[in-house]
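The values are calculated or read from the model by the stated rules, or taken from the named source; none is laboratory data. Everything numeric in this text was worked out from a predicted model, so none of it was measured. Cβ coordinates were reconstructed from backbone atoms using ideal geometry, including for glycine residues, and neighbour counts include every protein chain displayed.
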Amino acid sequence: MMKMLVIDDDPAWRALYRIGFEGDFEVFEAVDGLDALAALDRVRPDIIVLDLRMPHLDGMGFLRRMERPGVKVPVIVCSGTFAMDSPPSIPGVFPAQKSPDLSNVRRAIEAALPRPVETDAKLKSRRAVDETLWRD
């Protein structure tokens, strides 16, 4: 199973990502950029979901320090700090609006990973469930 590293200081967001993606990924968590840097070699994630605003080492600091030879992990930046019509343009980084509706994150994951995470039928079914659960 592919591995996802979720980096967010808010336990509620980490729990939401875990619930939303644990069927597709083995999910690991980090509470800030420093914790995530320590976990990179141990976890060896296939994808990273990253918040930008965090204490100790924020998301941009993590991205700068993560850039080392041989580390080519796609990063999904989930943040409310930028508008989706003008997301930051960083190679290997895929923006997704931070929202309890995880469909934006799923689309970013599909764009970031070279192969599909799940079959088309399973993905359509999951999207229908996401839309049912997170929409008023």
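Quickly run through the range 35-51 and pick out the residues that are closer than 17 Å to residue 11 by Cβ and of a type in the set (A, V, I, L, M, F, W, C).
Listed by number, the residues that qualify are 36, 39, 49, 50.
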Test set (1) over 17 Å from residue 109 (Cα atoms); (2) in contact (Cβ under 8 Å) with a residue 24 or more places away in the chain - residue 12 fails condition number: (2)
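For residues in the range 43-74 being of a type in the set (A, V, I, L, M, F, W, C), part of a loop (DSSP other than H, G, I, E, B) and modelled with pLDDT of 85 or more, which is farthest from residue 109 (Cα to Cα)?
Within the range 43-74, the match that is farthest from residue 109 (Cα to Cα) is 57.
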Residue within the range 23-38 that is out of contact with any strand residue (DSSP E or B) (no Cβ under 9 Å at 6 or more places or on another chain), without any contact (Cβ under 8 Å) to a residue 60 or more places away in the chain and in a helix (DSSP H, G or I) present: yes
